[in-house]
1. Examine the range 166-178 for a residue that is assigned to a helix (DSSP H, G or I), touching a residue at least 40 places away in the same chain (Cβ under 8 Å), touching a Cys at 6+ places or on another chain (Cβ under 8 Å) and among the charged types (D, E, K, R), and state whether such a residue exists.
2. Among the residues that make up the range 246-259, is at least one of them within 24 Å of Ala150 (Cα to Cα), surrounded by 13 or more Cβ atoms within 10 Å (Cβ to Cβ), without any contact (Cβ under 8 Å) to a residue 60 or more places away in the chain and within 16 Å of the ligand (Cβ to nearest atom)?
3. Please enumerate the residues belonging to the range 93-117 that are touching a residue at least 12 places away in the same chain (Cβ under 8 Å), over 15 Å from the mean Cα position of the chain (by Cα) and either in a helix (DSSP H, G or I) or closer than 19 Å to Val202 by Cα (or both).
4. Take Ala267 and decide whether it is among the aliphatic types (A, V, I, L, M) and within 14 Å of Ile214 (Cα to Cα).
5. Report, ordered by the first and then the second residue, all pairs with beta carbons closer than 8 Å, sequence separation of six or more or different chains, a first member in the range 125-153 that is within 20 Å of Arg40 (Cα to Cα) and more than 8 Å from the ligand (Cβ to nearest atom), and a second member that is assigned to a helix (DSSP H, G or I) and of a type in the set (Lys, Arg).
6. Looking only at the range 241-272, count how many residues are of a type outside the set (D, E, K, R) and more than 19 Å from the chain's Cα centre (by Cα).
7. Looking at the range 71-85, is at least one residue within 15 Å of the chain's Cα centre (by Cα) and at pLDDT 95 or above?
8. Quick check, is Arg122 surrounded by fewer than 21 Cβ atoms within 10 Å (Cβ to Cβ), farther than 24 Å from Glu17 by Cβ, under 22 Å from the mean Cα position of the chain (by Cα) and more than 10 Å from the ligand (Cβ to nearest atom)?
Amino acid sequence: MPELTTSDTNTPEAVAEPIFQRLVLIGLGLIGSSVARAARETGAAAEIVACDASEAVCTRVAELGIADRVEADPALAVASADCVMLCVPVGALADVAAVIAPHLAPGAILTDVGSTKISVVRDVGPVVPAGVHFVPAHPLAGTEFSGPDAGFATLFQGRYCLVVPPAGTDAAAVARVVALWERLGAMVEEMEPAHHDRVLAVVSHLPHLLAFTICGTADDLADETRQEVLRFAASGFRDFTRIAASDPVMWRDIFLNNREALLEMLARFTEDAQAMARAIRWGDAGYIEDRVLRGRKIRRSLIEIKQA
Ligand code: NAP
């Protein structure tokens, strides 16, 4: 085995200091448990504390050993933490924030991973005590699975994380949240909450709405036809079913909390779908071919920027 040289021991991993002394994760599902695993692996936090409303989740997190401490009471969990990250469904954020707010340490950073951002700023912002820095964020990484067993340390590698600080947020606090996500492997960009919600409505929320709807349509078919849809599911329908397998509470909350942007994108989509229907009815082969080509082009550009 070759001897270690000074430069070998000087790799970024070897010298990386923890970014936070105590990182508290509230909600240990897919995202929270992935953050715990990735933070442990990269040494992003000296201590990781896990807190979840579900006793079963707390027990499982302790069994998995992905946190240094599991604390069922959120008020106790956040004490003395320099970073608290909320990883619960967006509809639960207001209640959790109200419970922990009086117990946050002065100078602490409060962040989240919620998939909608106007609602998070609206629901959490007002309860954040003076002297605590609120830096909302959203990692664009996930799977259709949920719960602490679904998480994995590499979930954020090479994926974007959007950081959405309200105007006037302390720049040093934003920089630490950016550093945390970069340490977990993500590429970070800053964005305005309203812009975030419009972009996510197109790239994530509308596709999920279509997947849930198509699966519902197939399920409504007469029994005989439904059986055949399931038996002969070609890749198109199969891909939709994977997306449609996502968590119902999480998606209920996303749809209700990004209502304006999602309804606008759905209206645009409906117009475009009507235009396609018209082209099919009138035999407009050029229009149909053009739309298919556009889809292909988008897929190619995703592959080129390694986001496929
Ligand atoms: P998940 O796997 O369902 O985990 C959520 C966890 O939070 C569950 O253990 C849940 O417990 C717990 N919880 C719910 N309400 C709580 C409360 N009031 N206090 C403490 N814990 C509570 O969900 P996830 O996929 O990790 O999503 C978490 C957040 O990340 C959501 O805001 C979501 O929008 C966002 N996000 C998700 C993805 C994705 O693809 N999944 C990607 C990016 C961001 P119970 O199971 O007992 O309810």
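1. Within the range 166-178, one or more residues are assigned to a helix (DSSP H, G or I), touching a residue at least 40 places away in the same chain (Cβ under 8 Å), touching a Cys at 6+ places or on another chain (Cβ under 8 Å) and among the charged types (D, E, K, R).
2. Checked the range 246-259: at least one residue is within 24 Å of Ala150 (Cα to Cα), surrounded by 13 or more Cβ atoms within 10 Å (Cβ to Cβ), without any contact (Cβ under 8 Å) to a residue 60 or more places away in the chain and within 16 Å of the ligand (Cβ to nearest atom).
3. Residues of the range 93-117 that are touching a residue at least 12 places away in the same chain (Cβ under 8 Å), as a first pass: 93-94, 96-117.
Checking which are over 15 Å from the mean Cα position of the chain (by Cα) leaves us with 94, 96-110.
Residues satisfying the conditions are Ala94, Val96, Ala97, Ala98, Val99, Ile100, Ala101, Pro102, His103.
4. Values: among the aliphatic types (A, V, I, L, M): yes; within 14 Å of Ile214 (Cα to Cα): no.
Here the answer is no, as Ala267 does not meet what is asked.
5. Filtered contacts from the range 125-153: Asp149/Arg60; Phe152/Arg37; Ala153/Arg37; Ala153/Arg40.
6. Applying the first criterion (of a type outside the set (D, E, K, R)) to the range 241-272 yields 241, 243-246, 248-251, 254-258, 261-263, 265-267, 269-270.
Of the ones still in play, those that are also more than 19 Å from the chain's Cα centre (by Cα) are 241, 263, 265-267, 269-270.
Qualifying residue count for the region: 7.
7. Step one: filter the range 71-85 for residues within 15 Å of the chain's Cα centre (by Cα), giving 85.
In the following step, the residues that additionally are at pLDDT 95 or above were identified as 85.
There is at least one residue in the range 71-85 that is within 15 Å of the chain's Cα centre (by Cα) and at pLDDT 95 or above.
8. On the way: surrounded by fewer than 21 Cβ atoms within 10 Å (Cβ to Cβ): yes; farther than 24 Å from Glu17 by Cβ: yes; under 22 Å from the mean Cα position of the chain (by Cα): yes; more than 10 Å from the ligand (Cβ to nearest atom): yes.
When the stated conditions are applied, Arg122 passes them.
The values are calculated or read from the model by the stated rules, or taken from the named source; none is laboratory data. As the structure is a prediction and not an experimental result, all values here were calculated from the model. With ideal geometry, Cβ positions are generated from the backbone for all residues, glycine too; neighbour counts draw on all protein chains shown.
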